[in-house]
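The values are calculated or read from the model by the stated rules, or taken from the named source; none is laboratory data. All values reported here derive from a predicted model rather than from experimental measurement. Heads up, the Cβs are rebuilt from the backbone with ideal geometry, glycines too, and the neighbour counts pull from every protein chain shown.
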Amino acid sequence: MKFLRSALLITMAATCLSATSAAASSVPTWRAARNATLPVGGTTVPSGYLPALACPSAGNCVAAGDYANAAGTVRGLILNEVAGTWRRPLTIIAPPNAAPSAGLTPNAVSCGSNGDCVVVGSYQDRSGNTQSFIDVETRGVWVKAAKVALPVNAAATGQNSQIHSISCPSPGDCSAVGSYVDNATPNTHGEGFVLNEVARRWRRAEEIRLPASVNANPFVTAGQVACASVDNCSAVGTYIDANNITQGLTVDEVRGAWRAGASLSLPGNANAFSGVTFASLACDAPGRCTAVGTYETVSGAVQGLAVSRTSGQWNRAVALQMPVGSPVNPHVFFYGFSDITCPGINDCSAGGLYRDGAGKYQGFFVDERHGSWHTAVELRLPATALMAGRNGGVVSVSCVSVGNCSGGAAYVDAAGNYQASIVNQVNGVWHSATKLALPSGAASVGVDGGVYGLVCPTHGPCTAVGSYLKDASNYAGFTVSTQ
């Protein structure tokens with residue numbers, strides 16, 4: 001899978017078993033994957049890029065990514081599933097100021113309800129600037145993408161703006177986060193922004209207010225946002241402080257107003273130059289969220305961390321313990337998509353990648369129960385698998401109830417090929433990875449493909465999308481569902 005190329009590539013949603021906790025003993029059966037049709041003239045999914053999936057209800061989903069034609073022109077792609085049937089694929093119509101070859105790239109999608117969704121990302125304008133866009137579906141109809149109105153201090157030239165994440169708790173009410181370049185002189189700065197849609201009206205983006213002590217150029221990243229309800233959201237990212245140290249950043253919206261950002265309090269064994277990252281977060285109620293990421297310890301080890309917001313306040317982060325037998329430096333990595341889900345109060349599950357005692361890359365799952373994080377367990381691979389691999393491991397986790405979850409993962413088989421897999425947790429036990437049958441008997445998902453999005457509503461079939469290697473150098477998309 002391609003995700004190591006950037007921790008900010010957006011995200012794959014994963015949700016869990018379609019059974020309720022009272023009847024969660026059965027494991028869903030996945031059909032063989034089907035090829036995802038591209039718009040007329042489409043020949044490939046560049047780098048396997050089909051990163052976004054949202055399903056407001058069973059059998060009603062939106063996926064987004066890129067496709068290219070024979071000439072290599074890249075365009076934005078939207079796939080719609082309605083009542084269990086995937087409809088004709090759509091090309092995202094770029095904003096009016098887009099360059100002829102705009103390189104429009106979707107990063108994320110969120111849906112307030114069936115037929116009311118928003119895709120976000122970036123594109124090139126005619127002046128060579130990178131701009132952020134929104135593309136809105138209203139009552140089942142997609143309109144032309146629109147340029148985001150950046151904060152008033154945004155640079156008019158040399159702009160490099162991206163929306164990384166969006167959350168829509170209801171139709172016409174969304175919050176998004178991203179980055180942009182300001183117009184400071186003599187040198188511009190990399191800043192973060194928050195963007196709100198209120199009652200179907202998009203407001204101008206607002207600059208994220210940072211803590212007091214920041215670098216001359218804070219190089220802000222705002223990577224993930226989650227909304228527990230309308231007007232109550234949280235976002236996480238990073239910035240550089242006055243001592244040139246990368247700090248974790250939390251920003252909260254309370255009753256419709258975004259507060260100033262705060263720096264993350266790290267575990268006690270954190271290095272002075274901790275290089276902290278935030279990957280993903282989940283919010284299950286106003287004022288209650290949990291995020292995961294990584295930091296560097298005093299010994300130089302890259303370790304996982306988790307931090308919770310309770311009663312509206314962010315607590316000190318805690319270290320995540322990797323599986324038994326892991327080395328002093330487990331090189332923990334989260335892909336930065338939907339790495340965490342919290343189905344109950346103080347009950348969360350997450351997954352990622354680490355290096356085991358033999359130096360092999362392996363996937364892991366880690367669960368929080370009643371407010372305490374347990375030691376992680378290694379992703380159980382098929383008997384013939386070599387390891388998860390540098391581009392494998394657990395990409396996404398989500399749960400329909402405590403102890404009943406599913407996730408998308410990848411591993412390297414005996415022939416050295418990457419394979420996509422679905423992993424289920426039933427009654428608190430993580431089962432072995434199950435190889436996903438690819439379209440047309442394809443041999444591998446390649447290093448850039450795999451299960452990108454996986455959603456299993458509380459009731460009804462699961463849906464997943466991703467990409468696979470259809471020949472020596474070209475990728476195709478796929479869709480798959482449970483029986």
Scanning the range 447-483 for residues that are surrounded by fewer than 24 Cβ atoms within 10 Å (Cβ to Cβ) and either in contact with a helix residue (DSSP H, G or I) (Cβ under 7 Å, 6 or more places away or on another chain) or not in a loop (DSSP other than H, G, I, E, B) (or both) gives Asp448, Leu469, Thr479, Val480, Ser481, Thr482
Tally up the residues in the range 377-404 that are closer than 25 Å to Val318 by Cβ and touching a residue at least 60 places away in the same chain (Cβ under 8 Å), please.
10
I'd like the full set of residues that are touching a residue at least 60 places away in the same chain (Cβ under 8 Å), assigned to a strand (DSSP E or B) and over 17 Å from Ser122 (Cβ atoms), limited to the range 70-93.
Leu79, Glu81, Trp86
For Ala279, state whether it is at pLDDT 95 or above and surrounded by 14 or more Cβ atoms within 10 Å (Cβ to Cβ).
no
Could you check Ser165 against (1) crowded, with 21+ Cβ neighbours inside 10 Å; (2) modelled with pLDDT under 95 and say which number it fails?
(2)
Go through the range 390-407 and give me each residue that's in a strand (DSSP E or B) and touching a Gly at 6+ places or on another chain (Cβ under 6 Å).
Gly393, Val394, Val395, Ser396, Val397, Gly407
For the list (1) touching a Lys or Arg at 6+ places or on another chain (Cβ under 6 Å); (2) loosely packed, with under 15 Cβ neighbours inside 10 Å, I need the number of the one condition that Val82 fails.
(1)
Given the conditions (1) out of contact with any Lys or Arg (no Cβ under 9 Å at 6 or more places or on another chain); (2) assigned to a loop (DSSP other than H, G, I, E, B); (3) aliphatic (A, V, I, L, M), report the number of the one that Ala260 does not fulfil.
(1)
Tyr67 vs. criteria among the aromatic types (Phe, Trp, Tyr), under 28 Å from Glu191 (Cα atoms), part of a strand (DSSP E or B) and in contact with a strand residue (DSSP E or B) (Cβ under 7 Å, 6 or more places away or on another chain)
no
Quick one: would you say Tyr468 is closer than 19 Å to Ala32 by Cβ, modelled with pLDDT of 95 or more and within 24 Å of the chain's Cα centre (by Cα)?
yes
Out of Ile345, Ile340, I need the residue that is closer than 21 Å to Ile166 by Cα, at pLDDT below 95 and not charged (D, E, K, R). Which one?
Ile340
Counting only residues that are assigned to a loop (DSSP other than H, G, I, E, B) and modelled with pLDDT of 95 or more, the range 351-389 contains a total of 15
Looking for whichever is touching a helix residue (DSSP H, G or I) at 6+ places or on another chain (Cβ under 7 Å) and of a type in the set (Ser, Thr, Tyr) here; the options are Ser421, Ser401, Ser406. Which one fits?
Ser401
Kindly evaluate Val194 against the criterion of being touching a Leu at 6+ places or on another chain (Cβ under 8 Å), under 17 Å from His164 (Cα atoms) and either acidic (Asp, Glu) or crowded, with 20+ Cβ neighbours inside 10 Å (or both).
no
Being in contact (Cβ under 8 Å) with a residue 40 or more places away in the chain and over 25 Å from the mean Cα position of the chain (by Cα) narrows Pro186, Pro211 down to just Pro211
Would you confirm whether any residue within the range 190-203 is at pLDDT 95 or above, under 25 Å from Cys55 (Cα atoms) and of a type in the set (Phe, Trp, Tyr)?
yes
Residue check, Asp116 touching a helix residue (DSSP H, G or I) at 6+ places or on another chain (Cβ under 9 Å), more than 22 Å from Ser349 (Cβ to Cβ), buried (at least 19 other Cβ atoms within 10 Å of the Cβ) and modelled with pLDDT of 95 or more
no
